[in-house]
Amino acid sequence: MGVLQLLKSQFLCHLIICYVFLVSGLIINLLQVCTLPLWLVSKQLARRINIRLGYCVSSQMVAALEWWSGTECTLYTDPKSYPLYGNENAIVVLNHSFEIDFLCGWTFCERFGVLGSSKVLAKKELSYVPVIGWMWYFLEIVFCKRKWEEDRRTVAQSLQNLQDYPENFWFLLYCEGTRLTPKKHQISMQVAESKGLPKLKYHLLPRTKGFWVTVQNLRGNAAAVYDSTLNFRNNETPTLLGILNGKKYHADLYVRRIPLDLIPEDEAECAAWLHKLYQEKDSFQEHYTQTGRFPGPVVSPPRRPWALINWLFWACLLLYPLGLLFAQLISSGSVLTILASVALCTAASLGVRWMIGQTEIDRGSSYGNKEVPLNN
């Protein structure tokens, strides 16, 4: 282990990263609250400001992936589609198999300049998570309760509200509805057998109604679906804790651009189209398992420096007064004050650890652990 890698694994470094992320995130949440009156005066200006504020939060996590851990991201895609990425609205369909697949999706957005405006279909519980969840509220993220009768109207309305969105955005969608685990996969394939659908080896059956509603409400606004399949070299299973420890991974992402006009409007036909798409995604994963790469040419979008610059800005802004505070505490000699400061730092660290825990596979939701209608 090199000196730099040893440094990255130290608790003090983790504490600094967590401190900068949490405090800057709460400051940004407060600034977002201050934009509420602006929504009444100029909705589009408020949106543009919140896009930049949201970028200040999410780009810190991208910076941890790209610059702290040094994780590499290789893109397999059609060179003819490449110039369109970032220059049009799109629905990005991602597989949900890894703890950091959402972070790789954000990195994909960052490489093409749409990270601040990117959207997701997220479970309602995430809206209560400080920093990220609160940030998403102001970015008009679409939240759902995973109860179709309740979600149908609210999801459709949220998507319709994006019709006049002032900047290009990508809508990231996990059609499987939950992260892949052996138990969920077993149950999902039992449902596939009962419905006469081909079994999938590397994915869960997609939830078709959410995809259909998304496509229908973004027609005329989004230009294409980006079918994205993610894998990691050497059979690695990356984690957020691994990223925080500075461990380097290598992600491979295969992206196909499918014009939205090619997707059927009829609900049943759209569902059949999506099932076929996931059968193709399964074949791509099988190809990767056998050959160590995805089909097609490799394109390497360069890392942009803005995520790193943003983190350095917040680090300089927040670490200087913190250093002065600790110097005063040590010079004061008050044991009680020092213990209180240690307790505060520990609480902050545990808070970040709790947020990281929400991404861990073995602590994921129970959604998909029992048989439910797969069209929900």
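The values are calculated or read from the model by the stated rules, or taken from the named source; none is laboratory data. Predicted model only: the values in this text are computed from it and were never measured. We place every Cβ from the backbone using ideal geometry, glycine too, and count neighbours over all the protein chains shown.
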Do the conditions hold for PHE143, that is, is it more than 22 Å from ILE258 (Cβ to Cβ), in contact (Cβ under 8 Å) with a residue 24 or more places away in the chain and either among the small types (Gly, Ala, Ser) or not in a helix (DSSP H, G or I) (or both)?
no
Is it fair to say PHE138 is touching a residue at least 12 places away in the same chain (Cβ under 8 Å), surrounded by 19 or more Cβ atoms within 10 Å (Cβ to Cβ) and under 26 Å from TYR85 (Cβ atoms)?
yes
Here's a check for you: in segment 12-54, which residue that is of a type in the set (Phe, Trp, Tyr) and touching a residue at least 40 places away in the same chain (Cβ under 8 Å) is surrounded by the most Cβ atoms within 10 Å (Cβ to Cβ)?
PHE21
Taking segment 184-210 and keeping residues of a type in the set (Lys, Arg), in a loop (DSSP other than H, G, I, E, B) and either under 25 Å from the mean Cα position of the chain (by Cα) or closer than 17 Å to THR229 by Cα (or both) leaves LYS201, ARG207
Which ones in segment 162-200 are buried (at least 18 other Cβ atoms within 10 Å of the Cβ) and of a type in the set (Lys, Arg)?
ARG179, LYS184
Within segment 285-314, restricting attention to residues that are touching a Pro at 6+ places or on another chain (Cβ under 7 Å) and not aliphatic (A, V, I, L, M), which residue is farthest from LEU65 (Cα to Cα)?
HIS287
Scanning for something of a type in the set (Asp, Glu) and either part of a helix (DSSP H, G or I) or in contact with a Lys or Arg (Cβ under 7 Å, 6 or more places away or on another chain) (or both), does segment 283-297 turn up at least one residue?
yes
Within segment 144-151, does at least one residue satisfy the condition of being at pLDDT below 95, farther than 25 Å from VAL23 by Cβ and crowded, with 21+ Cβ neighbours inside 10 Å?
yes
Is it the case that LEU244 is buried (at least 20 other Cβ atoms within 10 Å of the Cβ), modelled with pLDDT under 95 and over 23 Å from ALA122 (Cα atoms)?
yes
Among the candidates GLU140, GLU167, GLU176, residue that is among the acidic types (Asp, Glu), under 26 Å from GLU88 (Cα atoms), more than 16 Å from the chain's Cα centre (by Cα) and at pLDDT 90 or above
GLU167
Which residues, taken from segment 298-330, are surrounded by 11 or more Cβ atoms within 10 Å (Cβ to Cβ) and either of a type in the set (Lys, Arg) or in a loop (DSSP other than H, G, I, E, B) (or both)?
PRO301, ARG303, ARG304, PRO305
Residue list for segment 205-231, restricted to those being more than 19 Å from TYR278 (Cα to Cα) and not small (Gly, Ala, Ser):
GLN216, ASN217, LEU218, ARG219, ASN221
In segment 182-240, residues that are hydrophobic (A, V, I, L, M, F, W, C) and on the phi > 0 side of the Ramachandran plot total 0
